[in-house]
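The values are calculated or read from the model by the stated rules, or taken from the named source; none is laboratory data. Only a predicted model underlies this, so the values are computations on that prediction, with no experimental measurement involved. With ideal geometry, Cβ positions are generated from the backbone for all residues, glycine too; neighbour counts draw on all protein chains shown. Heavy atoms of the whole protein, side chains included, go into the accessibility calculation; ligands, DNA and RNA do not. Shrake-Rupley method; radii C 1.70, N 1.55, O 1.52, S 1.80 Å.
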Amino acid sequence: MNDFINRIKNNSNNAENNNSTIFKGNGVEKGIFSPVNGQLIGRINFADNKDYENILLTARSAFLVWRKIPAPKRGEIMRQFGEKLRFNKQELGNLVSYEMGKSVQEGLGEVQEMIDICEFATGLSRQLYGLQMHSERPNHRMIEQWHPLGVVGIISAFNFPVAVWAWNLSIALICGNVCIWKPSEKTPFTALACQLLLSEIIQANKLPEGISGLILGDQLIGEIMSKDSRIDLISATGSVNMGKKVAVNVASRLGKSLLELGGNNAIIITENATLNQAVPAILFGAVGTCGQRCTSTRRLIVQEKIYETLKIRLLKAYKQLRIGNPLNEKNHVGPLIDKEAVNAYLLAIREAENQGGKVIFGNEILDGPDHPGGLYVIPTLIEAKKDMEILKQETFAPILYLIKYVQISEAIEIQNAVPQGLSSAIFTNRLMESEFFLSTEGSDCGIANVNVGTSGAEIGGAFGGEKETGGGRESGSDSWKSYMRRQTCTINFGNDLPLAQGIKFDI
Ligand code: NAD
């Protein structure tokens, strides 16, 4: 269906004549099926230990070359990659939509995010600034400088199959690192497409191929990477469960990790909110990507005076949602990724009901010719009580819990009473409410928005969250510092050797 599949086939070193075998590692074979229609996209052979070793050694030797290339020249490579993505945007966006199941507009948006971060990285390559400090000793100066770490291992999730890699890769590369990417085992074809585009740039510039390596496999390869002290930074995006394992494995070798894990994001709607603003933000947050964003809105905390009005508006909006093939731009919501996700959706709804929740919309799997494959579900609204245990859980599906509050302090308490701390938002036109939400007593999340929903972050800010979300920061602001090692240098340009803290050591 997608020209990329043919290009991947033609460019794969190990391509076989068998049409269904597109990439050949030496490990187990896996068929990849589209959630859109259940059709086979192709078969992949995962990497085995020997493939892993080759990729790692190629990366380590590429690092010796790449780290010596001036940062602005590394930035130029990112500029070229951004251009390449611009040229291939439509096709790559379609493939993201077909393999992952998000709407084609969101697939294109993801590729646009890749283009944006490439441009950001190009500019940043001239701004990897260190500080200069005044020394307490005469004829001395102190500086702080930044060096690359080495090999950055990127483990990514299925739901942002290309953008999260680009966030990490572009910043890591301009800092002078090389990268090895282990994408989700659910979305290997988009990864192959990205790798194909980047390798064209690397070859055209006569750079070593190991600057960016791709390794296909499941969590076993992720575990090997986490335990391997030849990987200097593991940047892992995925579930809290995965992050807890990666954190232990990396920490046990005293390595560095950057964790971007699950969220359980809430929007507070006060009685001073403009509902015309709030309703589309809630809708996009709760049903966009079929509720499979780390920043998806999962809880709506609503002041009791406007609760009924908002509920009626939401029900009306949910009834208008078009659910179906995400490649058709008229549809708002595509399928879930796989059967396990559908089961998790059903289980969470049942659990919510058992705990006293009331389903007011949804709770249904769609079938028939417009919904092949059994993965299309109706986004669900549940009226919930604030102390229900299920509210603490991230269910990666379009389920939105509606919770009432009376005082703003109570709303913040409810919003913070979950283990995750990624994204949060308040809708209000009252300064005192929005400032309270942003104060130290307010949201405990890495992202706190006012009159903007929880999902759809811009690349210019640092992205990430607190508590079980893992504490990592990626993308904009000074996140680049996570990909470099800091070195403090004291330089003596005098003839004496004064010691710090006035210590005398006369001999
Ligand atoms: P997942 O945890 O199942 O898998 C993510 C990646 O980790 C995959 O590549 C997988 O192979 C790998 N992996 C799994 N177990 C591992 C282990 N023990 N060691 C090393 N690697 C391992 O997640 P998923 O289902 O692909 O994605 C959904 C989850 O990701 C959600 O919880 C979502 O909130 C989270 N997510 C977070 C962010 C963020 O920036 N905070 C962004 C996207 C997704």
- Here is a list of conditions, (1) without any contact (Cβ under 8 Å) to a residue 12 or more places away in the chain; (2) farther than 24 Å from Gly25 by Cα, and Gln203 meets all of them except one; can you say which number that is? (2)
- Query: Restricting attention to the stretch 367-400, which residues are open to solvent by 10 Å² or more (accessible area, probe 1.4 Å) and in a strand (DSSP E or B)?
  - Reply: Glu383
- Query: Within the set of pairs 6 or more residues apart or between chains, which connect a residue that is within 16 Å of the ligand (Cβ to nearest atom) inside the stretch 439-466 to a residue that is modelled with pLDDT under 95 with Cβ atoms less than 6 Å apart?
  - Reply: Phe463/Ala457
- Task: Kindly provide the set of residues from the stretch 241-258 that are open to solvent by 20 Å² or more (accessible area, probe 1.4 Å), within 9 Å of the ligand (Cβ to nearest atom) and under 20 Å from Val418 (Cβ atoms), ordered by number.
- Result: Asn241, Met242, Lys244
- Message: Among the numbered criteria (1) in contact (Cβ under 8 Å) with a residue 24 or more places away in the chain; (2) in a helix (DSSP H, G or I); (3) closer than 23 Å to Gly238 by Cα; (4) of a type in the set (A, V, I, L, M, F, W, C), which one does Leu336 miss?
- Response: (2)
- Task: Residue by residue through the stretch 424-438, note down the ones that are open to solvent by 50 Å² or more (accessible area, probe 1.4 Å), in contact (Cβ under 8 Å) with a residue 12 or more places away in the chain and over 27 Å from Ala163 (Cβ atoms).
- Result: Asn429, Arg430, Phe436
- Query: Does the stretch 136-158 hold any residues that are surrounded by fewer than 24 Cβ atoms within 10 Å (Cβ to Cβ) and within 16 Å of the ligand (Cβ to nearest atom), and which are they?
  - Reply: Ala157, Phe158
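Please tell me if Ser482 is in contact with a Lys or Arg (Cβ under 7 Å, 6 or more places away or on another chain), buried (at least 17 other Cβ atoms within 10 Å of the Cβ) and part of a loop (DSSP other than H, G, I, E, B). Break it down stepwise before answering.
Numbers: in contact with a Lys or Arg (Cβ under 7 Å, 6 or more places away or on another chain): yes; buried (at least 17 other Cβ atoms within 10 Å of the Cβ): yes; part of a loop (DSSP other than H, G, I, E, B): no.
Here the answer is no, as Ser482 does not meet what is asked.
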- Item | Every pair of residues 6+ apart whose Cβ atoms lie under 9 Å, when the first sits in the stretch 180-200 and is outside the structural domain of Ala59 (by TED's automatic domain parsing) and modelled with pLDDT under 95 while the second is among the polar types (S, T, N, Q) and crowded, with 24+ Cβ neighbours inside 10 Å | none
- Message: Is it the case, given these coordinates, that Gln127 is open to solvent by 40 Å² or more (accessible area, probe 1.4 Å), closer than 18 Å to Phe4 by Cβ and polar (S, T, N, Q)?
- Response: no
- Task: Mind listing whichever residues of the stretch 335-356 are more than 16 Å from the ligand (Cβ to nearest atom) and in contact with a helix residue (DSSP H, G or I) (Cβ under 8 Å, 6 or more places away or on another chain)?
- Result: Glu351, Ala352, Gln355
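For the stretch 405-423, which positions are part of a strand (DSSP E or B), more than 16 Å from the ligand (Cβ to nearest atom) and open to solvent by 10 Å² or more (accessible area, probe 1.4 Å)? Even if it seems obvious, please write down each step before you answer.
Initially, the stretch 405-423 is screened for residues part of a strand (DSSP E or B), giving 405, 420-421, 423.
This time we only want the ones that are more than 16 Å from the ligand (Cβ to nearest atom), so: 405.
Answer for the stretch 405-423, where residues must be part of a strand (DSSP E or B), more than 16 Å from the ligand (Cβ to nearest atom) and open to solvent by 10 Å² or more (accessible area, probe 1.4 Å): there is none.
Specify which of the listed residues (Gln277, Gln303) is open to solvent by less than 10 Å² (accessible area, probe 1.4 Å) and either at pLDDT 95 or above or within 16 Å of the ligand (Cβ to nearest atom) (or both).
On the way: Gln277 fails: open to solvent by less than 10 Å² (accessible area, probe 1.4 Å).
Of the residues listed, the single one that is open to solvent by less than 10 Å² (accessible area, probe 1.4 Å) and either at pLDDT 95 or above or within 16 Å of the ligand (Cβ to nearest atom) (or both) is Gln303.
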- Kindly establish whether Leu197 is part of a helix (DSSP H, G or I) and touching a Lys or Arg at 6+ places or on another chain (Cβ under 6 Å). yes
- Note on the structure: Counting only residues that are farther than 14 Å from Leu56 by Cβ, under 15 Å from the mean Cα position of the chain (by Cα) and within 10 Å of the ligand (Cβ to nearest atom), the stretch 165-185 contains a total of 3
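Could you tell me which residue of the stretch 200-240 is nearest to the ligand (Cβ to nearest atom), considering only residues that are among the polar types (S, T, N, Q) and in a helix (DSSP H, G or I)?
Just the residues of the stretch 200-240 that are among the polar types (S, T, N, Q), to begin with: 203, 205, 212, 219, 226, 229, 235, 237, 239.
With the extra rule that they be in a helix (DSSP H, G or I), the set shrinks to 203, 219, 226.
Numbers: Gln203: 27, Gln219: 3, Ser226: 5 Å.
Applying the filter and picking the extreme gives Gln219.
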- Query: Looking at (1) in contact with a Lys or Arg (Cβ under 8 Å, 6 or more places away or on another chain); (2) open to solvent by 10 Å² or more (accessible area, probe 1.4 Å), which is the only condition Gly238 fails?
  - Reply: (1)
- Message: Looking at the structure I just gave you, is Glu271 within 11 Å of the ligand (Cβ to nearest atom) and either surrounded by fewer than 24 Cβ atoms within 10 Å (Cβ to Cβ) or among the hydroxyl-bearing types (Ser, Thr, Tyr) (or both)?
- Response: no
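For the stretch 379-402, does any single residue satisfy the condition of being touching a Cys at 6+ places or on another chain (Cβ under 6 Å) and at pLDDT 95 or above?
As a first pass, look at the stretch 379-402 and keep what is touching a Cys at 6+ places or on another chain (Cβ under 6 Å): 398.
Next, from what is left, pick out any that are at pLDDT 95 or above: 398.
Yes, some residue in the stretch 379-402 is touching a Cys at 6+ places or on another chain (Cβ under 6 Å) and at pLDDT 95 or above.
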